[in-house]
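Structure record follows, encoded as structure tokens.
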Amino acid sequence: AAEATAAGRALEDGGEGGGGGASSGAGGATDAGGASADAAAPNGGDGGDGGGGEGGDDHEENLPAALRRPKRRREQAGRYEPTLPRGQRRKQPLRHEDTCFHCADGGELLECSLCPRVYHLECLSLTKLPKGQWTCPWHSCLECGRTVSTAGGMLFRCTDCPTAYCFDCWPQGLARVDPTPQLLEPMISRGFDPSKNATLFVCGDCADEKETAKRRLEEEERRRAEARLEKERQRREAVEKARTRDEERERKRADEAQRAAARERKRIEKERAMQGTAMVRRVQTLGREQTSERRSLGEAHLAEVAQLEATVGKMREELAAKQHADARALLAKQHQALDRLFLELRDGWKPIGAAAP
């Protein structure tokens with residue numbers, strides 16, 4: 001009772017600023033039920049041209065939690081979308097193809113009203129556009145002209161051309177095609193399921209064309225393989241010729257090096273022979289000169305001659321020793337040069353394709 005009295009006083013204070021809304025607010029606050037107070041307070045606020053409502057809202061915050069009005073939230077209205085049964089798709093509008101189903105070419109095309117297929121007038125043996133709704137040959141039997149509804153709800157449709165048969169006219173022995181996702185998805189994405197009320201197959205003409213195209217591709221692949229083999233054979237022949245040419249060049253270079261080494265040895269031997277002959281001739285000449293001088297000088301000069309002979313002998317020995325040392329040094333140098341040349345030739349020659357050392 002005390003809380004209700006305090007609530008009534010608070011509403012009376014708030015109603016003074018709102019004119020006629022005060023009495024309604026007070027009457028609502030003195031209601032023992034509590035629900036009448038919630039309904040009376042908004043009415044008192046509206047009756048005072050907006051002033052009482054604002055005052056009531058301010059004083060409502062001071063009320064106990066049990067007497068406060070619940071705040072209402074306005075939900076935004078959403079668009080109604082009916083839910084489809086499970087497994088059922090929303091029907092898509094038809095999106096027709098860009099090329100003729102008969103010749104796979106573009107241009108001015110006639111659209112079917114039941115499926116995405118399009119055709120040239122020439123491919124359908126038509127001279128002018130048909131009037132009204134037009135359906136392509138894929139929806140009627142080629143032999144009797146019956147449609148799906150008149151043929152018992154089932155047609156046999158070729159996957160590669162606009163040929164269709166009913167159950168009675170369908171020729172036996174044609175290969176049926178399983179409706180795989182790869183085959184159906186392009187048409188389903190355009191708003192048409194070709195496997196609905198139909199069985200897919202491949203007609204004889206399309207099968208022959210596929211077999212011909214397959215054989216043509218195999219023949220082209222065989223020719224390309226033969227061309228690759230011929231090109232590989234020519235490449236190997238060119239590599240073999242280059243290897244043989246390089247080996248012949250290396251062999252000629254080695255033969256030329258051997259001939260150069262032989263000529264160098266002959267030159268050294270000839271120089272040695274010439275030096276030895278010149279030394280012998282010089283010694284002989286000195287001997288003859290000494291003999292003639294000895295004879296001319298006579299007995300008085302025998303001591304001097306003997307001394308001269310000793311000097312000449314010594315000089316001859318020194319000269320022979322020097323010439324022998326020079327000849328040995330020259331021969332050693334020539335041997336070292338020949339050894340280096342032989343090592344260079346041996347290390348530098350390698351067959352084609354061998355790894356570098």
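The values are calculated or read from the model by the stated rules, or taken from the named source; none is laboratory data. Remember, predicted model here, so these are calculated numbers, not experimental data. All Cβ positions, glycine included, derive from the backbone under ideal geometry; neighbour counts span all protein chains shown. All accessible areas refer to the heavy atoms of the entire protein, side chains included, with ligands and DNA or RNA removed. Shrake-Rupley method; radii C 1.70, N 1.55, O 1.52, S 1.80 Å.
What the table shows:
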| read-out | value |
| --- | --- |
| Some residue of region 175-184 being charged (D, E, K, R), in contact with a strand residue (DSSP E or B) (Cβ under 6 Å, 6 or more places away or on another chain) and touching a residue at least 24 places away in the same chain (Cβ under 8 Å) | yes |
| Only listed residue being in a helix (DSSP H, G or I) and modelled with pLDDT under 90, chosen from Glu250, Glu209, Glu226 | Glu209 |
| Residues of region 297-325 classified as of a type outside the set (A, V, I, L, M) and open to solvent by less than 90 Å² (accessible area, probe 1.4 Å), total | 6 |
| Filtered residues of region 143-188 (kept if of a type outside the set (Ser, Thr, Tyr), buried (at least 16 other Cβ atoms within 10 Å of the Cβ) and assigned to a strand (DSSP E or B)) | Leu155, Phe156, Arg157, Cys158, Ala164 |
| Region 330-349, subset of a type in the set (A, V, I, L, M, F, W, C) and open to solvent by 90 Å² or more (accessible area, probe 1.4 Å), residue farthest from the chain's Cα centre (by Cα) | Phe342 |
| Selection status of Glu289, farther than 28 Å from Leu345 by Cα, open to solvent by 70 Å² or more (accessible area, probe 1.4 Å) and over 37 Å from the mean Cα position of the chain (by Cα) | yes |
| Residue count for region 200-237, restricted to those that are open to solvent by 100 Å² or more (accessible area, probe 1.4 Å) and under 28 Å from Gln182 (Cα atoms) | 8 |
| Those residues of region 245-274 which are open to solvent by 60 Å² or more (accessible area, probe 1.4 Å) and not basic (Lys, Arg), in sequence order | Glu247, Glu248, Glu256, Gln258, Glu269, Glu271, Met274 |
| Among (1) part of a strand (DSSP E or B); (2) under 13 Å from Asp160 (Cβ atoms), the one test that Pro194 misses | (1) |
| Filter result (within 23 Å of Leu184 (Cα to Cα), of a type in the set (D, E, K, R), in a loop (DSSP other than H, G, I, E, B) and open to solvent by 50 Å² or more (accessible area, probe 1.4 Å)) within region 93-142 | Arg95, Asp98, Asp105 |
